[in-house]
Amino acid sequence: MTKPNLSLKLGLLEAFAVLAGISIGAGLWFEHAAHQGAGSPASGAAATTVVQAAASNGSAQMPATPVADAAHAPLLAAARAGKRVVAVGEHGVILLSDDEGKTFRQAGTVPTQALLTSLYFIDDRQGWAAGHDGVVLHTQDGGETWTLQHEDLSSDKPLFSIYFKDAQHGLAVGLFGTALQTADGGATWTPLAVESGEENDHHLYAIFGDPATALCIAGEAGLIYRSTDGGTSWSTIKTANPGSFWSGALLKDGSLLAAGQRGHLFASHDQGASWTELPSGTDQSLTSIVQDTDGAILITGLAGVTLGSSDGGKTFAAQSRADRVPLNAALSRPSQAALLFGDKGAVDQPAS
């Protein structure tokens, strides 16, 4: 990869500083939470059982352990399994809520303590999670229990995004151009070439779009990768974004949004073939995009920033939470404010 200019270097430093900050803060949280939850005999017995199972299948992963106050664990991604809310984050914590985020409980069996960064469900039962150590987890019961489908400890290549077209065909992408594909529901994963040529190791942050028309990957250095054949082959699109895209979303009208470092926000109205920058009203990095059933759009960001649009993404209004907690993901809720997730766990209502 060619040497990045100063702007790109600063962007990369910001990206890794965010991940490092999450890990350091989460480490302090986990040490306290594990200590608080250590007195439960039932939890200890369950953890021992899972440790034995992990050892027997040859995995290098250690299972997630029950912790106190798991709802305030640092969380990086969230999704719906039917009506259930599922969120993932540090130390393999996976949270489940069946009351629209009023209460959360920790998933019973999670075979890793790796940082989980991405989550995808195809229905109310079957989903996948991905993260550091190249781990891919699979659930068939709405997130109650998880099995390990993939891990890679050969190099430092965490996975940042996972996506499934159907129950069999999925993609996962991550650091230094890492891209994997599966055609058997995740039982086996094989390398996928997203970039060609000498510069084929840009970081890949988020998979979004429609496999029937155009599937996209948000990448480093203002790059977006586009596939019109369901992910088999990819073309590289260089946008005017001087930094990295961290997130993307397909809107209800078929247009696409991509957002990332330093508040850069771009839209495409031709299935990802070309991109135009939109004013975001912030220079804080943007982390996730969600659209409500009524069409309203919410974008989360660092320093407690959120962007809202009520006109289908034509214009956005920015606001900041008073607590400035970094926000990493959001889920819309019927007749309620969106449920936010970040470094302080699940956040029910925006702080004014």
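A short reminder: the numbers here are calculations on the coordinates, not readings from a lab. Owing to the predicted nature of the structure, the values given are computational and were not obtained by experimental measurement. Quick reminder, even Gly has a Cβ in these numbers, built from the backbone with ideal geometry, and neighbours come from all protein chains shown.
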Separation in nanometres of the label points that stand 7 Å from Cα toward Cβ, at ARG125 and SER320: 4.8
Using the beta-carbon distance between ALA167 and ASP253 and R0 = 25 Å, what value does 1/(1 + (r/R0)^6) give for FRET efficiency, to the nearest 0.05? 0.35
